[in-house]
Structure formats: C-alpha cells, structure tokens
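Q: Would you mind keeping the following structure in view while I ask a few things?
The values are calculated or read from the model by the stated rules, or taken from the named source; none is laboratory data. Just so you know, these numbers come straight off a predicted model, no measurement behind them. Cβ coordinates were reconstructed from backbone atoms using ideal geometry, including for glycine residues, and neighbour counts include every protein chain displayed.
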Amino acid sequence: MKFVVDGMLGKLAKWLKILGFDVVYDNKAEDSALVRLARKQGRVLLTRDVRLQEGAGDIPSLFIKSQEWQEQVEQVLREMNLHPEVKPYSRCLQCNVELKKLPRGGAKNLVAPFVVEKASSFAICSECGRVFWPGTHFEDMDSKLAKILRKKGNWAAGKKSKHKPPSRKTRIME
C-alpha cells in the first residue's frame, strides 16, 4: 500500500516507513499537490485536515483521529488491514526506497571498523547510499514496534523473527 501523508502527520509518515510502507511526506506541500500526487501515483491520502479530505473527492483517504503517533499508526494498520504487509526496517527513511542487503564485506569501506565488528547485519539504500545496521537505539525502536504490532498479535505470533531488521542506525558516507 502506498500513502501520501499531510504535513501534520510527520511522525506517522516516519513510522509507516519504518514498518516498510511506501510513504510520501513533504511538510511544505500544498493540499492541491498532495491530492494530485495521490491521484497520479495511486496513493491513499492520510490526513487530519477535514477540508483536505473533503477536497480529495474520489481519492482513497483516511482521516486520522488521534494526535498521538502510536495511535495513528495503530489506526492505519487496523483500518487498512495492513498487519500482514508489515516489513520492519525495509525502507530508507530519507529516500523511501527499499533497502538492499549488504554483506559484511561490502560494509567494510562504508562504516567504522567497530560497526563492522559489532553489527549483525547491514543494508544500503541504492538511492542515497546510506548504510543501515542495528544500532544503539535498536532496542527502543523495536520495543515501540512490538507494542504497536502486538495489539494485533502478529509480533508475538512470530512475525518478528521473519523480518529481522537489516538496520536501524544510519551513517552517511561521502
């Protein structure tokens, strides 16, 4: 499922990307641009703006009820029935493209030596070149994801082991 997210929902956009969904977010985009993009690319519009949703006409949209990002994510997953499509840590948070697995040897010249030694896996964005790996704040993000996904039961039912995260922390190499 592909989404376009209005400027009031930045954290929702970020966490949907973390969950592996194709999300376009530009906090400076005009409402009309969001509607055009949704129509042209077949995206679902996520908004907290009643006028924007009404102006979207026949474009699929979802009005986000809560102001809390965790509840927003839960609403999208529940109302769009997306729990089976969750693929945590599979997209670049900057470029929104799917990450490619990167062998340890391929990461040697892209990250610090201690990271190569310590990290269990690596992934790279083919668009921007960012390298991802399970970093120091991985446990915190993982626990937040588990809490959200556990409400549906998928995380506890074994989905977690299916989607071992290729990464979390990023480092841009220039």
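Q: Restricting to the range 66-120, count the residues that are among the hydroxyl-bearing types (Ser, Thr, Tyr) and more than 22 Å from Ile148 (Cβ to Cβ).
A: 1
Q: Does Ser126 count as outside any helix (DSSP H, G or I), under 17 Å from the mean Cα position of the chain (by Cα), of a type in the set (Gly, Ala, Ser) and farther than 18 Å from Ala13 by Cα? Show your work before the answer.
A: Working: outside any helix (DSSP H, G or I): yes; under 17 Å from the mean Cα position of the chain (by Cα): yes; of a type in the set (Gly, Ala, Ser): yes; farther than 18 Å from Ala13 by Cα: yes.
Taking the combined requirement at face value, the residue satisfies it.
Q: As an exercise: evaluate Ile124 against (1) at pLDDT 95 or above; (2) more than 15 Å from Leu19 (Cβ to Cβ); (3) out of contact with any Leu (no Cβ under 7 Å at 6 or more places or on another chain) and give the number of the one condition it does not meet.
A: Against the list (1) at pLDDT 95 or above; (2) more than 15 Å from Leu19 (Cβ to Cβ); (3) out of contact with any Leu (no Cβ under 7 Å at 6 or more places or on another chain), Ile124 comes up short only on (3).
Q: Would you pick out the residues in the range 81-113 that are surrounded by 17 or more Cβ atoms within 10 Å (Cβ to Cβ) and among the polar types (S, T, N, Q)?
A: Ser90, Asn96
Q: Criterion first (touching a Lys or Arg at 6+ places or on another chain (Cβ under 8 Å) and either surrounded by fewer than 13 Cβ atoms within 10 Å (Cβ to Cβ) or not assigned by TED's automatic domain parsing to the domain that holds Lys147 (or both)) does Arg78 satisfy it?
A: yes
Q: Among the residues of the range 58-74, write down those that are of a type outside the set (A, V, I, L, M, F, W, C), closer than 25 Å to Asp140 by Cα and surrounded by 18 or more Cβ atoms within 10 Å (Cβ to Cβ).
A: Step one: filter the range 58-74 for residues of a type outside the set (A, V, I, L, M, F, W, C), giving 58, 60-61, 65-68, 70-72, 74.
Okay, now just the ones that are also closer than 25 Å to Asp140 by Cα, so 66-68, 70-72, 74.
Gln72 - this is the single residue of the range 58-74 that is of a type outside the set (A, V, I, L, M, F, W, C), closer than 25 Å to Asp140 by Cα and surrounded by 18 or more Cβ atoms within 10 Å (Cβ to Cβ).
Q: Next question, about the same structure. Restricting to the range 62-93, count the residues that are among the β-branched types (Val, Ile, Thr) and over 13 Å from the mean Cα position of the chain (by Cα).
A: Of the residues in that region, 1 qualify.
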